[in-house]
Each structure stands twice: as C-alpha cells, then as structure tokens.
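Chemist: My questions will all concern the structure given below.
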Amino acid sequence: MRIRLSRSVSFRAHHRLADPGATDADNRRRFGYTVEPHPHQYRIEVSVSRILGDTEAAVMDLPQLDRILAQQVTGPFAGRHLHRDVPAFTTIPPTCEVIAREVFRRVAGCLPDGVRLDRVSVAEDDSLQAECLAG
C-alpha cells in the first residue's frame with residue numbers, strides 16, 4: 001500500500017514580479033504594484049510517498065526530510081530577494097507556480113531510493129497557493 005507523508009516549512013522572503021526582458025513601463029502595466037519588491041511569509045508543503053510493507057513504520061526518516069528541506073528550501077530562500085538572489089528566478093518572475101516547480105526539482109533529486117515526491121504546494125498568503133504535481 002502506498003502511504004503519503006506531508007511536511008511544511010515556512011520562511012519570509014521578498015520577490016517582485018517583472019519580466020526581465022520588458023521595460024519598466026510594460027512591467028508596471030502587466031504586474032501593477034507587485035513590480036516593486038515586497039515580502040511574503042511563504043509556506044511550502046511537500047508530500048512524499050512510498051509503498052510500505054506491513055512491518056515498516058515510516059515513508060522515510062523524518063529528520064532526513066527536514067534536512068533536505070533546510071538545505072534545498074529554507075536555507076537558499078529564507079530572508080532573500082528571490083528574484084535577485086536565487087539564480088533560478090533571475091530570468092523568470094518568482095510566482096508561486098515557478099517557486100513550486102523549483103522546489104519540486106530541488107527536493108526530488110535528494111530523496112532516498114523508493115521515496116517519490118508527489119506534490120509541492122507553495123502559498124504566499126492565505127489567498128494564493130500553487131501546486132506542482134508529479135507527472
């Protein structure tokens with residue numbers, strides 16, 4: 001039977017929405033006030049799964065998952081200006097969708113054998129979140 005485990009982390013970071021190839025005027029028309037750097041308290045939730053035998057107790061070692069999230073998510077992103085400080089976001093605006101995709105890529109490559117990353121959810125506030133799902 002496949003069992004899923006989800007873990008959440010939070011961090012505060014700044015971002016701005018702007019197309020690096022567009023003019024300031026075009027960006028302001030497209031993105032409005034969000035073209036200016038502004039902070040969010042991001043909440044990231046990852047869901048991992050594995051087929052567990054009847055005598056196995058966990059999908060994966062929880063401290064190991066916490067280390068992966070610290071190394072791949074909170075460490076590189078917390079307290080940063082995402083659009084300026086994180087290379088993955090310098091050529092594309094760091095929207096919730098783009099952040100979810102980047103977190104998925106970072107975490108998926110660090111999981112132990114047999115553990116699958118099913119989902120990454122990124123919320124920048126109570127009204128907006130995006131999910132990246134395993135295909």
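Chemist: Could you identify the single residue in 26, 19 that is among the acidic types (Asp, Glu), at pLDDT below 95 and in contact with an Asp or Glu (Cβ under 9 Å, 6 or more places away or on another chain)?
Modeler: Working: 26 fails: at pLDDT below 95.
Checking each option against the conditions leaves just 19.
Chemist: Return the residues of region 29-43 that are charged (D, E, K, R) and not in a strand (DSSP E or B); say none if nothing qualifies. If you could, list the steps in order and put the result at the bottom.
Modeler: Looking only at region 29-43, we keep the residues that are charged (D, E, K, R), and these are 29-30, 36, 43.
Residues satisfying the conditions are 29, 30, 36.
Chemist: Within region 11-36, how many residues are surrounded by 13 or more Cβ atoms within 10 Å (Cβ to Cβ), in contact (Cβ under 8 Å) with a residue 12 or more places away in the chain and touching a helix residue (DSSP H, G or I) at 6+ places or on another chain (Cβ under 9 Å)?
Modeler: Result for region 11-36: 9.
Chemist: May I pose another question? Just to verify a result, which residue in region 50-91, among those that are more than 28 Å from residue 127 (Cβ to Cβ) and touching a residue at least 60 places away in the same chain (Cβ under 8 Å), is farthest from the chain's Cα centre (by Cα)?
Modeler: 51
The values are calculated or read from the model by the stated rules, or taken from the named source; none is laboratory data. Everything quoted here is computed from the prediction, not taken from an experiment. Backbone-built Cβ (ideal geometry, glycine too); neighbour counts: all protein chains shown.
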